[in-house]
Amino acid sequence: MAITAFAAEGGVVYGECGGLVYLSQSLTPAEGTGRPPRAMCGLAPFATRAVPAGRGLHSSTFQLNLEPFLTQSTPKITPGTA
């Protein structure tokens, strides 16, 4: 993907809301949909999960392990390694 190549070259990537979901490792649909998780671009070191928010809308949650960031002086994120 062009965005991961851009980041690998040192480019700064910013994402919020759906853009942040896109930067994650994967998106798991809301429970009960019967759909499998979908791969995202894998740039950010976490996976996202859709959560029903009423009126047919969804919000997303994520879990991030900060241990690698707290134990390295210069953390490096390699796409697809979370």
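In the stretch 5-22, the residues that are touching a residue at least 60 places away in the same chain (Cβ under 8 Å) form Cβ pairs under 6 Å with partners that are surrounded by 11 or more Cβ atoms within 10 Å (Cβ to Cβ), at six or more places apart or across chains, as follows: Ala7/Val13; Ala7/Leu43. Residues of the stretch 47-63 that are at negative phi, in a loop (DSSP other than H, G, I, E, B) and at pLDDT below 70: Gln63 alone.
So that you can scan it fast, the table gives a plain yes or no per residue for (1) surrounded by fewer than 13 Cβ atoms within 10 Å (Cβ to Cβ); (2) in a strand (DSSP E or B); (3) modelled with pLDDT of 85 or more; (4) under 9 Å from the mean Cα position of the chain (by Cα):
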| residue | (1), (2), (3), (4) |
| --- | --- |
| Ala5 | yes, no, yes, no |
| Val21 | no, no, yes, yes |
| Arg35 | yes, no, yes, no |
| Cys41 | no, no, yes, yes |
| Pro45 | no, no, no, yes |
| Asn65 | yes, no, no, no |
| Pro75 | yes, no, no, no |
| Ala82 | no, no, no, no |
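Residue count for the stretch 7-19 satisfying the condition of being of a type outside the set (Ser, Thr, Tyr) and in a loop (DSSP other than H, G, I, E, B): 8.
The values are calculated or read from the model by the stated rules, or taken from the named source; none is laboratory data. For clarity, every value in this text was computed on a predicted model and none was experimentally measured. Neighbour counts run over all protein chains shown; Cβ positions are idealised from the backbone, glycine included.
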